[in-house]
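Accompanying notes for the structure given below.
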Amino acid sequence: MRNNELSAWVKEVADHTKPDAIRWCDGSMNEARSLEDRMLEDGTLVRLSEKLPASFLHRSHPTDVARAEHLTFICSEREEQCGPTNNWMSPEEAEGKVWPLFAGAMRGRTLYIVPYVMGPVGSPYSRVGVQITDSPYVVANLRLMTRMGDVAIRQLGRNGQFVKGLHSLGDLSPERRFICHFPQTKTIWSIGSGYGDNALLSKKCHALRIASVEGRDEGWLAEHMMVVGVTSPEGVKHYIAAAFPSACGKTNLAMLVPSFPGWKIETVGDDIAWMHVGDDGRLWAINPEAGFFGVAPRTSFRTNRNAMAALSRDVIFTNVAVRQDGMPWWEGLEDLPEGEVVTDWRGHPWSKASGDRAAHPNSRFTVSARQCPAVGPSFDDPRGVPISAIVFGGRRARIAPLVYEARDWTHGVYVGATLVSETTAAATGALGIPRNDPMAMLPFCGFNMGDYFAHWLRVGERLTHPPRIFHVNWFRRGDDGQLLWPGFGENIRVLKWIVERVDGTGDAHPTPIGLVPTYDAMDLRDLGIGPRRFDELVHVDTRTWQGETSWNEIFLDRFGKRLPEPLAREHRALVARLRKA
Ligand code: GDP
Ligand code: PGA
Ligand code: MN
Ligand code: MN
């Protein structure tokens, strides 16, 4: 059974890109193994140690190692639909400038057709996409990241709708690299990059940029959020969704191993959540993905035991280093014996004396979620999970307290809208620069961010039991420059306070920006953090926050009349509270 629209589109693309061969991917094991053989032969993949069965290393082009935000475009009909925070290219310009780059681009290559389902198979919230690509590495990743192959063709049926993603490696030149999104036609064109989020179109391009527009039109939210279940020793379970910018701790929080006994963690998703208003007036989330594309550096048995367990077989590593015994290595994994020479992410010999990093700071692992011991049955539940709390967070060396709670939904939307975080290696560009990243969606919102804020407020109006909204910062530093908070497994203490707030038992005291935990309300047992250090962690400094609000005012002003009045009101109220403090 072939979908009519799909067949027509494949023909159009093949006529234009001129591949040597065309292959429909069925998602079978045979297909995966034959693709691997082909990639081992041509050097796209390197086989790793047999201690990690069916695991491979891929080295990307050295100029193609992260998301290319400056080359990412929303091609809406009108520029105002895309808004001041996105790059806009008119559909006509894209036709004239980007489509011709695909002409003959697949000569000498195979065109792969990769159908995939985003979300649990059979869920009313799931969507089908089809990516055409000339990169077997992309196919191999999609097999781990999505429910891929025949299962998607079945879900699609003869006349079903799907998102069309066209991808070619092109010549990998940054001058001819574009990632274009057409929300009207639910189409994506990506050329010139083979890396992660530029090339695995199911992920940011479909599940966030296109899906956020669908969500706006249909009344749901597509968010850059991990989702985790937290069960207390008394057996009370809550699901928490958290939005942090790339490389700010979502994957680690999703798989957290609590540092004290009694608490149980269940991983639902580590990067993207699609959230709907349920009949019960609660917000319900599914994870549209089926795998993890995680940051390798600093992943270790100490920081994320669940991720390490997942990485025991069937893994694609990208841009990590390799030890002489064929095991992957990255900074923070484990100490190398003195004098050991490894092969760095570029393929060159490297030792500790070399200075530079052995693994690229944005090196990644791709692995099926099913291999993570913390993934439970909720992962495939077609209804999703009910969300009790939403957490926004970022990387702030100063200013932002460890955790604070918003007063209500509207204030929480304001807290999300004014999220600021320091830039990381997940995108190309300077590192450590604070920037506004509303709801951690700055690079991923497919329409005008002002309208996106309004959409959040509208969804809130339909929730009779809205999640409470919080803000966290694991990265605050003291005057000595050291991190104040140990993070990772210790973050259970913050999650514990959050669920206690939801259940009405946790204590908090008000500050101008929101409610912070009292010293006694935060479970700090065995941590050696006294009242003075705790105060450093949660302190809200009026003067610096006045600076922060001025900065945010400039940002919010960029949306002009599209900034919802309730958020402007929240802003004025915050300024007034800070003045009085
Ligand atoms: P994601 O990209 O948002 O999924 O973030 P990850 O969970 O992959 O983490 C990105 C980087 O931040 C990794 O190098 C982690 O080791 C580090 N990280 C994650 N959680 C914490 C934390 O609680 N404290 C500290 N200090 N670093 C963290
Ligand atoms: P991350 O995912 O959020 O886990 O870093 C990749 C990205 O957002 O670029
Ligand atoms: Mn992400
Ligand atoms: Mn992640």
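The values are calculated or read from the model by the stated rules, or taken from the named source; none is laboratory data. Bear in mind the structure is a predicted one, so any value in this text is a computation, not a measurement. Glycine gets a Cβ as well: all are built from the backbone with ideal geometry, and neighbour counts include every protein chain shown. Side chains are part of the model used for accessible areas, which takes the heavy atoms of the whole protein and leaves out ligands, DNA and RNA. Shrake-Rupley method; radii C 1.70, N 1.55, O 1.52, S 1.80 Å.
Going by the conditions given, is residue 399 among the β-branched types (Val, Ile, Thr), open to solvent by 10 Å² or more (accessible area, probe 1.4 Å) and more than 16 Å from ligand 2 (Cβ to nearest atom)? It is true that residue 399 is among the β-branched types (Val, Ile, Thr), open to solvent by 10 Å² or more (accessible area, probe 1.4 Å) and more than 16 Å from ligand 2 (Cβ to nearest atom). Here's a check for you: in segment 208-232, which residue that is within 14 Å of ligand 3 (Cβ to nearest atom) and not charged (D, E, K, R) is nearest to residue 506 (Cα to Cα)? Per the criteria, the residue is 227. For segment 50-62, enumerate the residues that are surrounded by 14 or more Cβ atoms within 10 Å (Cβ to Cβ) and on the phi < 0 side of the Ramachandran plot. If the condition is that a residue be surrounded by 14 or more Cβ atoms within 10 Å (Cβ to Cβ) and on the phi < 0 side of the Ramachandran plot, then 52, 55, 56, 57, 58, 59, 60, 61 are the ones that fit.
Take residue 149 and tell me if it is open to solvent by less than 10 Å² (accessible area, probe 1.4 Å), out of contact with any helix residue (DSSP H, G or I) (no Cβ under 7 Å at 6 or more places or on another chain) and more than 29 Å from residue 243 (Cβ to Cβ). Against the criterion (open to solvent by less than 10 Å² (accessible area, probe 1.4 Å), out of contact with any helix residue (DSSP H, G or I) (no Cβ under 7 Å at 6 or more places or on another chain) and more than 29 Å from residue 243 (Cβ to Cβ)), residue 149 qualifies.
Among the residues making up segment 32-74, those that are in contact (Cβ under 8 Å) with a residue 60 or more places away in the chain and part of a helix (DSSP H, G or I) are 32, 35, 36, 38, 39, 69, 70, 71.
Keeping to segment 524-542, report how many residues are more than 26 Å from residue 410 (Cβ to Cβ) and either open to solvent by 70 Å² or more (accessible area, probe 1.4 Å) or touching a residue at least 60 places away in the same chain (Cβ under 8 Å) (or both).
Total meeting the criteria: 9.
For segment 273-289, state whether one or more residues are open to solvent by 10 Å² or more (accessible area, probe 1.4 Å) and either within 16 Å of ligand 4 (Cβ to nearest atom) or modelled with pLDDT under 95 (or both). The answer is no; no qualifying residue exists. Considering only residues of segment 328-359 that are under 13 Å from residue 57 (Cα atoms) and of a type outside the set (Gly, Ala, Ser), which is most open to solvent (accessible area, probe 1.4 Å)? Checked segment 328-359; the qualifying residue most open to solvent (accessible area, probe 1.4 Å) is 346. Residues that are more than 16 Å from ligand 2 (Cβ to nearest atom), modelled with pLDDT of 95 or more and not in a strand (DSSP E or B) were ranked within segment 417-436; the one that is surrounded by the most Cβ atoms within 10 Å (Cβ to Cβ) is 417. Within the span defined as segment 81-102, one or more residues are part of a strand (DSSP E or B), open to solvent by 20 Å² or more (accessible area, probe 1.4 Å) and at negative phi.
Scan segment 168-208 for residues that are open to solvent by 10 Å² or more (accessible area, probe 1.4 Å), in contact (Cβ under 8 Å) with a residue 60 or more places away in the chain and assigned to a helix (DSSP H, G or I) and report the count. Of the residues in segment 168-208, 3 are open to solvent by 10 Å² or more (accessible area, probe 1.4 Å), in contact (Cβ under 8 Å) with a residue 60 or more places away in the chain and assigned to a helix (DSSP H, G or I). Looking across segment 233-257, the residues that are open to solvent by less than 20 Å² (accessible area, probe 1.4 Å), within 16 Å of ligand 2 (Cβ to nearest atom) and in contact with a helix residue (DSSP H, G or I) (Cβ under 7 Å, 6 or more places away or on another chain) come down to 242, 243, 244, 245, 253, 255, 256.
Can we say residue 219 is away from ligand 2 (no atom under 16 Å from the Cβ), open to solvent by less than 10 Å² (accessible area, probe 1.4 Å) and under 30 Å from residue 405 (Cα atoms)? Spelling it out, it is not the case that residue 219 is away from ligand 2 (no atom under 16 Å from the Cβ), open to solvent by less than 10 Å² (accessible area, probe 1.4 Å) and under 30 Å from residue 405 (Cα atoms). Residues that are under 20 Å from residue 52 (Cα atoms) number at least 3 in the following strands (runs of 3 or more DSSP E) confined to segment 327-412: 364-368.
Right, residue 439: under 22 Å from residue 548 (Cα atoms), open to solvent by less than 10 Å² (accessible area, probe 1.4 Å) and within 16 Å of ligand 2 (Cβ to nearest atom) or not? Don't jump to the end; show me each part of the working.
Numbers: under 22 Å from residue 548 (Cα atoms): yes; open to solvent by less than 10 Å² (accessible area, probe 1.4 Å): yes; within 16 Å of ligand 2 (Cβ to nearest atom): yes.
Criteria met by residue 439.
In segment 261-281, the residues that are within 17 Å of residue 224 (Cα to Cα) reach residues that are away from ligand 1 (no atom under 16 Å from the Cβ) and open to solvent by 20 Å² or more (accessible area, probe 1.4 Å) with C-beta atoms within less than 7 angstrom, at least six apart or across chains, in these pairs: 268/239; 274/125; 275/284; 276/125; 276/284.
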